[in-house]
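Reading through the structure tokens given below for one structure.
The values are calculated or read from the model by the stated rules, or taken from the named source; none is laboratory data. The shown structure was predicted, so the numbers you read here are calculated from the model rather than taken from an experiment. Backbone-built Cβ (ideal geometry, glycine too); neighbour counts: all protein chains shown. Each accessible area value is taken on the protein alone, full model and side chains, heavy atoms only, with ligands, DNA and RNA left out. Shrake-Rupley method; radii C 1.70, N 1.55, O 1.52, S 1.80 Å.
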Amino acid sequence: MPEDQRPDDDDRPDDVRPDDDRPEAERLLRRQLDRLWVRQTLRTVLIEQSGGLDPTARVILRAVERLGAVRSTAVAERTGLSRPVVSRRIAGLVDAGYVRTTPDPDDGRAALLALAPAGRALLDGLDAQGDAVFDDVTSVFDGQELRDLARLLARFNDRAAEVLGAGGEDAGAGGGVPT
């Protein structure tokens, strides 16, 4: 096998020819998404092993980061996670010192969630780790290629949210660059 050819080269999207049919194109896309999913799973394990958060806790913490002072019900709605899951996970994040709660001024029975300093520090550390890896991965693409990929993935994610009916744009780990 030539040195510059990898075993997966036969499944690379740039090998798709105009005369290929849609089922073959979908097979190629599924293959690449599976490869990406495996890498994301491995990355998640590495984050957890380095003292980071599990994926659900990261999604919740990122939602609290983006939304500011917010009720847990809003976090559940924006992330597509169930209210009981969010409630349990928030309790753990509060106990760990990553999230703080304050009484809701509009309803004293409810609490508002906000990022605590320890949560901010944790997310900053995860961002730094993620940025370094992301920069290394994307270094071989020019700006236009990155914009094209972002545009297509946004379309793909928007359609997935429509079809699946949950999550929307805030369901991911945050802001286009998962951490």
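Excluding Pro103 itself, calculate the net charge of residues whose Cβ lies under 14 Å from the Cβ of Pro103, where each Lys or Arg counts +1 and each Asp or Glu counts -1. Intermediate values should be presented prior to the final figure.
Numbers: positive: Arg71, Arg100, Arg109; negative: Asp104, Asp106, Asp107.
Taking every other residue near Pro103 into account, the sum is 0.
For Val38 and Asp106, what is the calculated FRET efficiency with R₀ set at 41 Å and r taken between the beta-carbons, to the nearest 0.05? It would help to have the intermediate numbers written out before the result.
Working: r = 45 Å, r/R0 = 1.09.
That pair, Val38 with Asp106, gives E of 0.35.
Sequence-distant or interchain residues sharing an amide H contact under 5 Å with Val99, placed H: which?
For Val99, whose amide H was placed from the backbone, the distant partners under 5 Å are Val94, Ala116.
Calculate, for segment 81-174, the solvent-accessible area per residue in square angstrom, rolling a 1.4 angstrom probe over the heavy atoms of the protein chains. If you can, show how the numbers build up before the last one.
On the way: 6260 Å² over 94 residues.
Per-residue value: 67 Å².
Summing +1 for each Lys or Arg and -1 for each Asp or Glu, what net charge is found among the other residues whose Cβ lies under 11 Å from the Cβ of Val86? List each step's numbers first, then the result.
Numbers: positive: Arg71, Arg78, Arg83, Arg88, Arg89; negative: Glu77.
Local charge sum for Val86: +4.
Show log10 I(q)/I(0) for segment 103-155 at q = 0.31 Å⁻¹, two decimals, from a solvent-free Debye sum over equal Cα scatterers.
-1.06
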